[in-house]
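Working notes, beginning with the structure itself.
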Amino acid sequence: QKEVEQNSGPLSVPEGAIASLNCTYSDRGSQSFFWYRQYSGKSPELIMSIYSNGDKEDGRFTAQLNKASQYVSLLIRDSQPSDSATYLCAVKHPTGSARQLTFGSGTQLTVLP
Amino acid sequence: GAVVSQHPSRVICKSGTSVKIECRSLDFQATTMFWYRQFPKQSLMLMATSNEGSKATYEQGVEKDKFLINHASLTLSTLTVTSAHPEDSSFYICSARDRSPGGSEKLFFGSGTQLSVL
């Protein structure tokens, strides 16, 4: 079982719609969760972080965390063509681990104009 | 915000040569930097954790003699791909964490280096 799993997509949504991206993780001790956006040929860019159960909103982005289900999601409202990218879910290892983050394989999102 | 500079952005080399990639934290000190490798349409895979003043910690399956990491100062880590072969062609990305007072401990990424070995 992979430590962090995402549907690879591609996921296509029309402009203005809500894009929903999902991620599950295997380590119950994980405390910190991140969503990165990566354009082709570029390095990842942090767009959201979430640490507590529930929803966290930042502009058009909402991250949702459910630790009991080991599930984290990202909603993008009013999707724009510029949102087309690969979205990486990342989970931080519990304190004391020498490693920093484990990334999912990413979901490719295409927003159709 | 914190900036991590990575050079070169792209390098093409012949098989058998060595390539050095630099990663600098420009406005904060990074005692720890991370090196990732990403193949097309795949996620970032952690190769090694670079620790200032000590040896790097390599992930399982990563050859330490092939991927030499030096973290000689608090702002610079280098990754040298020795005797590069075509299968080493990949996108290499470094990252650093700002652990200074007031730093968010978030991970900041360099812009990446696309290595193509002919």
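Check region A:52-60 and report whether any residue there is surrounded by 13 or more Cβ atoms within 10 Å (Cβ to Cβ) and either closer than 13 Å to A:G106 by Cα or modelled with pLDDT under 90 (or both).
First, pick out the residues of region A:52-60 that are surrounded by 13 or more Cβ atoms within 10 Å (Cβ to Cβ): A:56, A:60.
Still in the running and either closer than 13 Å to A:G106 by Cα or modelled with pLDDT under 90 (or both): none.
Within region A:52-60, none of the residues are surrounded by 13 or more Cβ atoms within 10 Å (Cβ to Cβ) and either closer than 13 Å to A:G106 by Cα or modelled with pLDDT under 90 (or both).
Would you please list the contacts, defined by Cβ atoms under 9 Å and residues six or more apart or on different chains, that run from a residue in region B:1-26 that is more than 19 Å from B:I69 (Cα to Cα) to a residue that is assigned to a loop (DSSP other than H, G, I, E, B) and of a type in the set (K, R)?
Correct list of pairs: B:G1/B:K106; B:A2/B:K106.
Suppose the filter is surrounded by fewer than 20 Cβ atoms within 10 Å (Cβ to Cβ), modelled with pLDDT of 95 or more and basic (K, R); does B:K55 pass it? Outline the logic, then answer.
On the way: surrounded by fewer than 20 Cβ atoms within 10 Å (Cβ to Cβ): yes; modelled with pLDDT of 95 or more: no; basic (K, R): yes.
The answer is no for B:K55.
Does B:K66 satisfy the criteria of being farther than 25 Å from B:K106 by Cα, surrounded by 12 or more Cβ atoms within 10 Å (Cβ to Cβ) and away from every other protein chain (no Cβ under 12 Å)? Lay out the reasoning, then the answer.
Values: farther than 25 Å from B:K106 by Cα: yes; surrounded by 12 or more Cβ atoms within 10 Å (Cβ to Cβ): yes; away from every other protein chain (no Cβ under 12 Å): yes.
When the stated conditions are applied, B:K66 passes them.
Of all residues in region A:23-81, how many are in contact with a Phe, Trp or Tyr (Cβ under 6 Å, 6 or more places away or on another chain) and at positive phi?
1
I'd like the full set of residues that are outside any strand (DSSP E or B) and polar (S, T, N, Q), limited to region B:72-101. Explain how you work it out, then say what you get.
Of all residues in region B:72-101, those outside any strand (DSSP E or B) come to B:74-75, B:82-89, B:98-101.
Answer for region B:72-101, where residues must be outside any strand (DSSP E or B) and polar (S, T, N, Q): B:T75, B:T82, B:S83, B:S89, B:S100.
Which of (1) within 9 Å of another protein chain (Cβ to nearest Cβ); (2) over 10 Å from the mean Cα position of the chain (by Cα); (3) in contact (Cβ under 8 Å) with a residue 60 or more places away in the chain does B:A84 not meet, given it meets every other one?
(1)
Pairs please, first residue from region A:43-56 and within 8 Å of chain B (Cβ to nearest Cβ) and touching a residue at least 24 places away in the same chain (Cβ under 8 Å), second anywhere and aliphatic (A, V, I, L, M) and loosely packed, with under 12 Cβ neighbours inside 10 Å, Cβ atoms under 6 Å, 6+ apart in sequence or on different chains.
Qualifying pairs under 6 Å: none.
The values are calculated or read from the model by the stated rules, or taken from the named source; none is laboratory data. Note that the structure is predicted; figures quoted are calculated from it, not measured. So basically every Cβ, Gly included, is an ideal-geometry build from the backbone, and we count neighbours across all protein chains shown.
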